[in-house]
1. Computed on alpha carbon atoms, what radius of gyration and Dmax characterise segment A:135-178, expressed in Å?
2. Taking just the C-alpha trace of segment A:71-156, give me its Rg and Dmax in Å.
3. Hey, with R₀ at 56 Å, roughly what FRET efficiency would A:Thr88 and B:Gln606 work out to, going by the Cβ-Cβ distance, to 0.05?
4. Would you mind telling me the share, in percent, of accessible area of segment B:321-387 contributed by carbon and sulfur at probe 1.4 angstrom?
5. Which log10 I(q)/I(0) values does segment B:442-513 give at q = 0.14, 0.21, 0.25 Å⁻¹ under the Debye formula, counting every alpha carbon as one identical point scatterer?
6. Roughly how big is the A-B contact, given as buried accessible area in Å² (both sides, 1.4 Å probe, nearest 100)?
7. When 1/r is averaged over all different Cα pairs and the result inverted, which Kirkwood radius in Å belongs to segment B:321-387?
8. Could you work out the mean count of beta carbons from other protein chains within 10 Å of each residue's beta carbon in A:102-112?
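The values are calculated or read from the model by the stated rules, or taken from the named source; none is laboratory data. Computed from a predicted model, the values in this text were never measured in an experiment. As a convention, Cβ positions derive from the backbone with ideal geometry for all residues, glycine included, and neighbour counts pool all protein chains shown. What goes into the accessible areas is simple: the full protein's heavy atoms, side chains included, and nothing from ligands, DNA or RNA. Shrake-Rupley method; radii C 1.70, N 1.55, O 1.52, S 1.80 Å.
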Amino acid sequence: MNYFEIFIWVLSFAIVAFLLFTVLNHRVDLSFVFGGAGKKKNGILILGLPDSGKTTIWAWFRYTLVLPTQTSMKVNEEEIPVHLMDKTVNVFLTDIPGNIKLRHQFIQYLPICKGIMFVVDSSKIDENYQEVSEYLYDVLTSTQVFEQKIPIAIICNKRDDEKSIKGTEIKLKIEDELNHLRSTRTLALDSHDDNGSYKDDIYLGIQDEKFEFLHIPNQVAFIETSFQSSLDKSPVLIGHSELSSWVIDRLE
Amino acid sequence: MLDYFVIATQGGIILWSKAFVTIPDLPISKLINSLIETTSIENQRFSYNSYQMNWAVSNELGLIFIAVYQKILQLTYIDDLVYSVKKKFVGDYKTLLVNKDFFDKKTQKANFDFEPSFTKLYKSAEQTDLVSKTYKAEKPRNFEDSKKFQKTLVGSKQAIKDLTSQKNDSSATNSEFDSDDMAILKTRKKGIQMRTFENKKSKKTNSNNTDNTEKKGKSKRIWDDGTVNKEYMKDLDFSSSKNKENTTENEKTDMVDVDQLVDQHSLGVRGSDGVYQVASIGSTEDGNEISSDDNLDVKDKSSNTGWGATRIGNFFKTLANGKVLTSSDLNEPIAKMCEHLINKNVAANIARSIGESVKKELVGVKVGGMQKISSLIYPAMENTLRRILTPSTSTDMLRDIQQVHKKENRPYTLVFVGVNGVGKSTNLSKVCFWLLQNNLRVLIAACDTFRSGAVEQLRVHVRNLRALSPDDCKVDLFERGYGKDSATIAKEAINYGETNGYDVVLIDTAGRMQDNEPLMRALSKLVSVNKPDKIVFVGEALVGNEAVQQLTKFNQALLNYSPPNESRVIDGIILSKFDTIDDKVGAALTMTHVTGKPILFVGTGQTYTDLKGIKISSIVQSLLKD
Ligand SMILES: Nc1nc2c(ncn2[C@@H]2O[C@H](COP(=O)(O)OP(=O)(O)OP(=O)(O)O)[C@@H](O)[C@H]2O)c(=O)[nH]1
Ligand SMILES: Nc1nc2c(ncn2[C@@H]2O[C@H](COP(=O)(O)OP(=O)(O)OP(=O)(O)O)[C@@H](O)[C@H]2O)c(=O)[nH]1
Ligand SMILES: [Mg+2]
Ligand SMILES: [Mg+2]
C-alpha cells in the first residue's frame with residue numbers, strides 16, 4: 001500500500017513536471033490541455049464587399065433587431081444562440097469588414113468554419129460584379145475552403161431595393177465572371193517563395209468547361225434577403241428564416 | 001452648428017447618434033476607410049468635401065466617437081466636445097458597454113439615454129467657444145451681445161474649470177484617458193496650426209461665408225467682423241509658434257530614442273539568447289496549411305505564432321489580468337520592434353511610424369489572462385504589416401489586359417521607370433517572357449535614347465525571347481535610335497502597336513536620378529503624352545532609406561510637371577534583385593508604405609523565369625522572424 005502511494009506521488013509529480021516542461025519549452029497549445037478539446041467547430045463567417053449588409057445581418061442574429069450601422073473597422077465576433085422553431089444552436093458568428101485591407105483576416109477563421117455567408121448587394125451588382133467575383137474567387141480558392149468543401153451561401157441582400165435583381169440572374173453574372181477570372185488567375189506568376197506545393201494551383205470547376213457553381217465541391221446556395229427598417233419606409237424583412245435554417249443545417 | 005454626432009462600435013454598429021441635419025453616409029465611411037488604410041494619422045480631424053470630422057476612439061471598449069460639421073464653420077470647440085462626450089458616455093455606461101448589453105430586444109431600443117447629457121455638453125462647449133471669441137472682440141457690439149456675454153461667461157468659466165479638472169484627474173490616474181488625452185492634446189496643437197493655415201486661406205472666401213447665414217447662427221457676427229478675425233489669427237499664430245517649439249522637442253526625444261536603439265544593439269543586450277523567433281514559414285502561412293487539429297482555436301493564434309511565446313518573451317514583462325495598457329507600457333517593446341524592422345532594412349522613419357500606429361491600436365486594450373506584452377504586440381504588428389502590404393486594387397494584370405482589349409480594342413501600355421541600373425530593362429524582358437507564355441503579342445518600345453547600348457541590349461532580349469517562346473509568338477522591338485525625344489517614340493510605338501494588333505506595349509525608359517530635373521521633366525512628358533495604363537517603378541530590394549526619397553521624388557515629378565487634371569503617380573512596383581537580400585525584405589514594406597501601391601512582381605535573378613509574384617504572408621513572416 002505504502003509503495004503504491006509513493007508510486008502515485010512520484011507519478012503525479014512526474015506528470016506535473018512533464019507538463020511544466022513541455023509548456024515552458026515547447027509551448028503546447030494550452031487550450032488542448034484545459035478543456036479546449038471538447039469544443040465543437042461552430043464557426044460561421046459573414047464575408048462580402050463593403051456596404052453589402054454584413055454587419056446588419058450579424059446584428060440581426062445577435063439582437064434580433066435591424067440596427068443602424070456604419071462602415072466597420074473591426075471584426076464583429078461572438079458566440080450567438082440561433083433559434084428556429086424549437087431548435088437552438090450556438091454559433092460563433094463572425095463578420096469580417098469588407099475593406100480590402102482587412103478582408104484577408106477571414107483566413108484566420110477558417111479552421112473552425114462550417115459555412116460562409118457571402119453577402120452581395122443585389123441593387124449594385126451591375127456595377128460591382130467584378131469586384132464581388134474577385135473576392136469570391138479568393139474565398140473559393142483558399143485552401144481550407146476548397147479542401148474542406150466549406151458550404152457557401154450567396155446572400156443576395158437588399159432585395160427591397162427597386163434596382164435589385166433576382167438571385168438567379170446574380171448567379172449567372174458571377175459564374176460568367178468567375179469563368180474569366182479562372183483563366184487569368186491560373187496564368188499568374190508563381191509567388192517568390194513557392195516551395196512546390198500545389199496550393200497556388202487550385203483550379204475551380206472542370207477544365208475546358210465553362211465555370212458553374214455545380215462543378216465545385218462546395219455546396220452553394222443562393223438566398224434572397226432584405227433587412228430594411230428605416231423610419232420613412234415600412235420595414236421589409238425577407239429571407240431571415242431561410243438564413244437561420246441554413247445556419248442551423250451547417251451545424252447539425 | 002454640428003451636423004451629426006455618432007457613437008458606434010468599431011465593428012460598425014451605431015449605439016447612439018444625433019443628426020441635426022441629414023448627412024450622407026459617405027463622409028463617415030471615407031473617414032473610417034482612411035483610418036483603416038493609413039497607418040499614421042497625424043491629427044484627429046479629417047475632411048471630405050464640405051464636411052469636417054473630429055473623432056476619438058476607445059480601444060478598451062472598441063468604440064469610436066465622431067462629430068461631423070461643415071468645414072467652412074471652423075468650429076474650434078469640437079475637439080473638446082468629442083473628448084468630453086467620450087468621457088461622459090464611457091463613464092456613465094461602463095458596465096453596459098463592457099457586457100455588450102447594448103440593446104433591449106423587448107423594447108427594441110438601445111439601453112442608452114444619452115440625449116440630455118449630450119445636449120448639456122454641447123451647449124457648454126459652444127458657450128466656452130463663444131466666450132473666448134467674444135473676449136477677443138473686446139467690445140461687444142450692442143447690449144444684447146453684452147448680456148449674452150455676461151451670461152455665458154459664468155457658464156463657460158464653469159465649463160473650462162470642469163474640463164481642466166478632468167484633465168488633471170486623468171493625468172494622475174493610469175487609465176486609458178491618460179495616453180489618449182496626451183494624443184488629443186498633441187493633435188489639438190497641430191490642429192490649431194492647421195487652422196491658422198486654413199484661416200489664411202479662408203480670408204478669400206470670407207465674402208462667400210455670409211451666404212451661409214442660417215447655418216451659422218451666433219458665431220456669424222464674429223465672422224463678419226474683420227478685426228476679430230485678425231485678433232483671432234494673431235492668437236493662432238502665437239499658438240503655432242509655440243507648437244514649433246513643441247515639435248522640435250518631440251524631435252529631440254525621437255532622436256534620443258534612436259540613439260538608445262543603436263546603443264542597445266551595439267551593447268548586445270539582445271544576446272544570442274535574447275532574440276525573438278517566429279514559427280517557421282508554413283505553420284501559419286496564409287492559414288492555407290490545413291490544420292488537422294480540430295481543436296485549433298482561432299483566439300489562440302497569436303500565442304502559437306512565436307514572438308510572444310519564445311525567448312524574447314523573458315525580456316518583456318508579464319502583465320496582470322485586466323490591466324489596461326498605457327503608452328508607457330508599450331514604449332520599450334515598440335522601440336524594440338522598430339529596431340527589429342530597421343535591421344530588416346525598413347526605412348527608419350517608416351519603421352517608427354508603424355511603431356506609432358501599432359501603439360495607437362494597443363493603448364487602452366485590456367489584458368486578458370496572464371499575457372506577456374509581446375504576445376499582444378505580435379498580432380497587432382502582424383496585422384499592421386499585412387494591411388500595409390495588401391494591395392488596395394486588383395493586381396491581376398492579365399485580366400486588365402483582357403479588359404482593355406475587349407472594351408477599347410487597343411494595346412495595354414506599361415512604362416518602366418526608375419533610377420540607373422536597377423533592372424528596368426531586364427525585368428521588362430522578364431515581364432515580356434511571361435506575357436508571351438500567355439500567348440499575348442508584345443511590342444517593346446526602346447525609349448531609353450540616352451545610355452549607349454540601351455537599344456542593343458533590348459534587341460538581344462527580343463532575339464532571345466523569340467527563340468525561347470512558343471513558335472507562334474509575336475514579339476518585336478520598336479526603335480528609333482538615340483538622342484530623339486522619348487515621348488514621341490513612345491507615341492509612335494503605341495500607334496504602331498494599335499494598327500498592327502499587339503496586345504501589350506512595354507516601354508523601356510532611361511534610368512534617371514530622382515534629383516535630375518530635366519530628365520524627370522522628360523519622364524513626366526512621356527507619361528502625359530502617352531497616358532500609359534500602368535507606370536511601373538522598378539526599385540532594388542537592396543535599397544534602404546533611399547527608397548523613400550526615390551519614390552516621393554518620382555511621384556512628385558509626375559505630379560508637378562504634368563498638366564493639371566491629368567496628374568499621375570506610380571501605379572505599381574517591381575522589386576528587383578530580390579535574390580540578393582536573404583530575409584532583409586524591408587524595402588517591400590517601405591515602398592508599399594510610401595506609395596500605397598502594390599508590388600506587382602519581384603525579380604529573383606537574371607534569367608527570364610526569375611520573375612515572381614509577391615507572397616504577402618511570406619514577406620510578413622520574413623519581417624517578423626529573427
Ligand atoms: N435597403 C436596404 N438597405 C440595407 C439592407 N441591409 C443593409 N442595408 C443598409 O446598407 C448599409 C450597409 O450595411 P452594413 O451592414 O453596415 O454593411 P457592411 O457589409 O457591414 O459594410 P462594411 O462594414 O463596410 O464591410 C447600411 O446603411 C444598411 O442600413 C437591406 O436589406 N436593404
Ligand atoms: N541578381 C539579380 N540581378 C538583376 C536582377 N534584375 C536585374 N539585375 C541585373 O542588374 C543589372 C542592371 O540591369 P538593367 O536591366 O540593365 O538595369 P536598367 O535599370 O535597365 O539600367 P539603365 O537602363 O542603365 O538605367 C544587370 O546586370 C542585371 O542582370 C534581379 O532580379 N536579380
Ligand atoms: Mg460592417
Ligand atoms: Mg535599361
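1. Here Rg and the maximum Cα pair distance are 12.7, 38 Å.
2. 14.0, 41
3. 0.30
4. Ligands and nucleic acids excluded, carbon and sulfur give 52 percent.
5. For the requested q values the scattering log ratios are -0.42, -0.87, -1.13.
6. 5700
7. 12.1
8. Taking all residues of A:102-112 together, the mean is 6.
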